[in-house]
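First up is the structure itself, then whatever we jot down about it.
Derivation of every value follows stated rules applied to the coordinates shown; laboratory data play no part. Worth saying up front: this structure is predicted, and the values here are computed from it rather than measured. Quick reminder, even Gly has a Cβ in these numbers, built from the backbone with ideal geometry, and neighbours come from all protein chains shown.
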């Protein structure tokens, strides 16, 4: 949910000597606010989900029959189509066609993006082009890969079959005894199959890697099985759902397909159930189906809505940490991976005794051996870098635990906004307002960035941020006790190119046929 992309390395530090250990921690790039929609008929439950050029397609499980519901990406219902015996997955190709895997008659049924039937293929059996869809909880057993090839899980026959758009068999793979249940295609051509542990194949079915059981130190480790949903993001992240305590995991891989996560994503921990399936739109927002509602969680990496090619997120990763013997110097090796940026802005910030508050923050200013050049506005991406921090010069505590974060930004704003345009009313000009409020928790990440980059407009001492010079000179901007003041919000907004919305603008946003009710007093207006 934080716009500055961060990676935390937890360290046990003893100044003037001592052993150090490092553990990478989650990367969270989603907003805390969520939107949701449901079927117009309250007796219908939801199963599979997919997103195509025609919108969002959701499996409807009704009292008498099953069908597909079509929605706009904002959740507005469009239509309902088709009749199916059992929906095992939905997928969309590049032209908008919709593919439904029907366990009722073991077929793949194809529709155009408006729900008109085009063709179908398949039947029950063991021959090529036939299926044995024996696993009842499969909800993503079909996916569309590169060149619009259709990948279908055939668990009863221990195989995956691959077809062209017309239903002609192209190839197949599998091992006797395996049970491929859910499948997802990555934009680079790799195929991820849950059978039941996520296993990576190339597009021809050659094995690449089987993931190890997920582990999180605070939860004593969890395995993958059983997984209720599997999908991929535009930049290659894989999302896998684990039923125990309703956890979702984001799996990160390096360029050699080594698992460098997982990232732990706990948005749904208090939900009544784990999503039955999930899908990602072009922007990277997550649509998760809970059986009665679909929740939309916005991914923050763009200030525009639904770009055709979403920019890749900069992913900082601390690789190694060690304290220089008999010194107060800390050596930190790190890397910032970014698929479409050669340089990013990068900085680092320390936190004392495991804290994640302003009072625990320690600005890192003194770097040794000319390593300060590895931070700044033009930090090279996709290469291993090194900094040596003189802890003794910046930090007066002799013994404590400290976390060191690497923060990165590739040119986006300091916070992600979803903009909506409030039209002119004939007297006043149109303006762009954020569709959601700016909470204090998200402003905290902005303060971290401003502190770590030594912003000249602030003075940070003992967990308190004061304005330094100009209109904010001497004013309290932020502290742990009271959060950001009105002046603090105004200063933060000035750094993000926005301003506070006015009461008149809130009234305009909620009036007329557009009626943007989500705009409120903590929304902001984009400056020209």
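Listing for the model above:
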quantity	calculated
For 87, 78, order by how many other beta-carbon atoms lie within 10 Å, fewest first	78, 87
Relative contact order (percent, whole number), region 37-80, Cα cutoff 8 Å, 6+ residue spacing	31 percent
Relative contact order of region 455-497, defined on C-alpha pairs under 8 angstrom at six or more residues apart (%)	24 percent
Efficiency of FRET between residue 158 and residue 209 - r from beta-carbon atoms, R0 25 angstrom, step 0.05	0.80
Gain upon complete extension [residue 77, residue 468; 0.36 nm per residue less C-alpha separation]	135.6 nm
Alpha-carbon centroid distance for the pair region 319-369 / region 433-498, whole angstrom	22 Å
Least to most buried among 57, 399 (fewest other Cβ within 10 Å first)	399, 57
Residues 414, 286, sorted so that the one with the fewest Cβ neighbours within 10 Å comes first	414, 286
Average Cα contact separation per residue, region 419-526, under 8 Å, 6 or more apart, as relative contact order %	29 percent
Whole-Å distance, taken between Cα centres, linking region 36-115 and region 398-430	35 Å
Convex hull volume per residue in cubic angstrom - Cα atoms of region 419-526	103 Å³
